[in-house]
1. Give, in whole angstrom and from largest to smallest, the semi-axes √(5λ) of the equivalent ellipsoid of the chain, with λ running over the eigenvalues of the Cα gyration tensor.
2. Using a 10 Å cut-off on Cβ atoms, rank the peptides 237-248, 98-109 from the highest mean neighbour count down.
3. Determine how large the accessible area of E111 is when every protein chain is in place; take a 1.4 Å probe and give Å² rounded to the nearest 10.
4. Under a 5 Å amide H to amide H cut-off, with H placed in plane at 1.01 Å, what residues pair with A116 once short-range neighbours are removed?
5. Taking loop as defined by DSSP and a crowding limit of 15 other beta carbons within 10 Å, which GluC sites (Glu not before Pro) in the stretch 77-106 fit?
6. Can you pull the percent of the chain's accessible area that's carbon plus sulfur, 1.4 Å probe, other chains left in place?
7. Mind ranking D221, D166 by accessible surface for me, highest first, 1.4 Å probe?
8. What order, most packed first, do the peptides 116-123, 139-146, 211-218 have when packing is the mean number of other Cβ atoms within 10 Å of each residue?
Amino acid sequence: MSATARAKSLNPQSILARKGGVPIVCLTAYTTPIARIVDAHCDLVLVGDSVGMVLHGLPSTIGVTLEMMVLHGQAVRRGVENALLVVDMPFGSYEESPAQAFRNAARVMAETGCAAVKLEGGVSVAETIRFLVARGIPVVAHVGLTPQGVNAFGGYTVQGRGRDADRVFADARAVAAAGAFSVVLEKVPEALARAITADIAIPTIGIGASPACDGQILVVDDMLGLFTDFRPKFVRRYGELGQAAATAVAAYAEDVRQRRFPGPEHVFAEALPARPS
Ligand code: KIV
């Protein structure tokens with residue numbers, strides 16, 4: 001599908017209409033230059049709260065603030081022309097009540113110009129999703145491994161194994177029934193992701209899930225090889241930009257030490273005027 005064709009159709013309804021169709025291509029972005037690159041190829045760009053770990057060096061997404069999401073949302077907005085822009089609601093900004101969620105989601109939408117917000121949780125946030133959707137805020141849900149729950153889960157473990165599959169299934173059904181226009185399925189068994197995708201009426205966006213999902217998403221810095229603190233099994237590296245950057249910086253440092261940089265082409269050659277003696 002060309003960028004122009006995508007531009008005409010990319011809104012929450014058209015993403016919803018892609019259920020069972022051409023896979024929905026999604027990536028995260030946190031800055032304008034990366035947003036421009038991603039926008040040329042993706043249907044949906046997510047300003048994920050993974051920004052806290054990837055760009056700010058936080059140990060988890062728990063410390064990410066609404067202000068961080070707004071700032072990065074604004075930066076990404078400047079780089080996105082075609083894709084649907086979605087911004088994550090950070091931990092603590094929506095769990096208290098539907099009213100709190102609406103106040104903060106409305107701020108994120110007004111200040112970033114995003115088309116939708118994403119929030120984590122299933123049955124526990126279904127009422128909030130219904131409240132937001134009824135008031136004009138399109139929602140992408142996120143079930144399975146929800147990284148804001150890392151302390152409750154005791155780590156970034158696969159969710160929905162064995163009998164626990166019923167819980168993840170119920171979460172996916174609950175957010176679909178509440179009106180989310182798509183749902184991220186993170187780190188769940190492949191067969192479960194496949195079964196949920198076949199069962200619910202909204203598109204599933206997989207990450208560590210299944211090729212049968214209606215779309216796929218990755219953290220852009222993971223797939224580019226820029227974020228290398230850890231390497232989840234579900235990431236395929238499409239580039240080694242971190243290594244390329246380290247090689248470039250080492251070459252620069254050596255050139256400076258050896259006085260090879262700057263070269264004659266980098267300086268402003270001009271004779272000094274004669275000085276009075
Ligand atoms: O924060 C994030 O980047 C995400 C994606 C991994 C789905 O939620």
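1. Values: eigenvalues 321, 88, 71 Å².
With the √(5λ) rule applied to the chain, the semi-axes are 40, 21, 19 Å.
2. 98-109, 237-248
3. That residue has around 80 Å² of solvent-accessible surface.
4. Under 5 Å from the amide H of A116 lie the amide H atoms of V87, each far enough along the sequence or on another chain.
5. Working: sites: E81, E95, E96; in loops: E81, E95, E96.
For GluC sites (Glu not before Pro) across the stretch 77-106 that sit outside H, G, I, E and B with at most 15 neighbouring Cβ atoms in 10 Å, the list reads E81, E96.
6. Carbon and sulfur atoms account for 58 percent of the accessible area of the chain.
7. Order by accessible area, largest first: D166, D221.
8. Sorting 116-123, 139-146, 211-218 by mean packing, highest first, produces 139-146, 116-123, 211-218.
The values are calculated or read from the model by the stated rules, or taken from the named source; none is laboratory data. Being a predicted model, the structure only gives us computed values, none of them experimental. Ideal geometry is used to build each Cβ from the backbone, glycine not excepted, and the neighbour counts take in all protein chains shown. Note: areas computed on protein heavy atoms with side chains; ligands, DNA, RNA excluded. Shrake-Rupley method; radii C 1.70, N 1.55, O 1.52, S 1.80 Å.
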